[in-house]
1. Name the residue from Y103, G116, S71 whose Cα lies farthest towards the positive end of the charge dipole of the chain, charges +1 on Cβ of Lys and Arg and -1 on Cβ of Asp and Glu.
2. Apply the Karplus curve 6.51 cos²θ - 1.76 cosθ + 1.60, θ = phi - 60°, to the phi angles in segment 113-123 and return the couplings in whole Hz, x for Gly and Pro.
3. Would you mind getting the accessible area per residue of the chain, heavy atoms of the protein chains only, 1.4 Å probe, in Å²?
4. Quick one: divide the alpha-carbon radius of gyration of the chain by 2.2 N^0.38 Å and tell me what you get.
5. Given a 1.4 Å probe and every protein chain left where it sits, what share in percent of the accessible area of the chain is carbon and sulfur?
6. Please work out the ratio of the alpha-carbon Rg of segment 1-49 to 2.2 N^0.38 Å and round it to two decimals.
7. Using a Gaussian network model of the chain whose springs link C-alpha atoms within less than 10 Å, name the residue from N84, N74, N65 with the highest mean-square fluctuation.
Amino acid sequence: QVQLVESGGGLVQAGGSLRLSCAASGRTIISHSMGWFRQGPGKEREFVAAISWSGGSTVYADSVNGRFTISRDNAKNTVDLQMNSLKPEDTAVYYCAASSSWYTARLSDYDYWGQGTQVTVSS
């Protein structure tokens, strides 16, 4: 079992930055690819970014590509999401997830989920 806890959410003005962090416990995440998803008000949960177990490969949703950066530290069992140039449409609850599959944008491939952290971007 892997337990995931997100932190770093908050309120920020458009154009600002936030850094989300996901701390894993219970088992090491070194054998898992990791992803970030988000769910905005009245919307379905959607893919944001994913990173391979080694950190050598990443993939991003088109809507965040060039603005967000996913990274991981396997020694610390953490995964971060650096979010720059935030827009009001980035407002959502952000979730960290772990997958035993190769890094993927598919929600159903993820086995473990955190509780989420709220990000609100004001215009």
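The values are calculated or read from the model by the stated rules, or taken from the named source; none is laboratory data. Since this is a predicted model, take the numbers as computed values, not measurements. For neighbour counting, all protein chains shown are included, and Cβ atoms are generated from backbone atoms with ideal geometry for every residue, glycine included. Side chains included, ligands, DNA and RNA excluded: accessible areas come from the protein's heavy atoms. Shrake-Rupley method; radii C 1.70, N 1.55, O 1.52, S 1.80 Å.
1. S71
2. Whole-Hz 3J(HN,Hα) from phi for segment 113-123: 9, x, 8, x, 9, 7, 10, 10, 10, 8, 8.
3. Numbers: 5990 Å² over 123 residues.
With all protein chains present, the chain gives 49 Å² per residue.
4. Cα Rg divided by the expected 2.2 N^0.38 Å: 0.96.
5. Accessible surface attributable to carbon and sulfur in the chain totals 47 percent.
6. 1.38
7. For the chain, modelled as a Gaussian network with Cα springs under 10 Å, the answer is N65.
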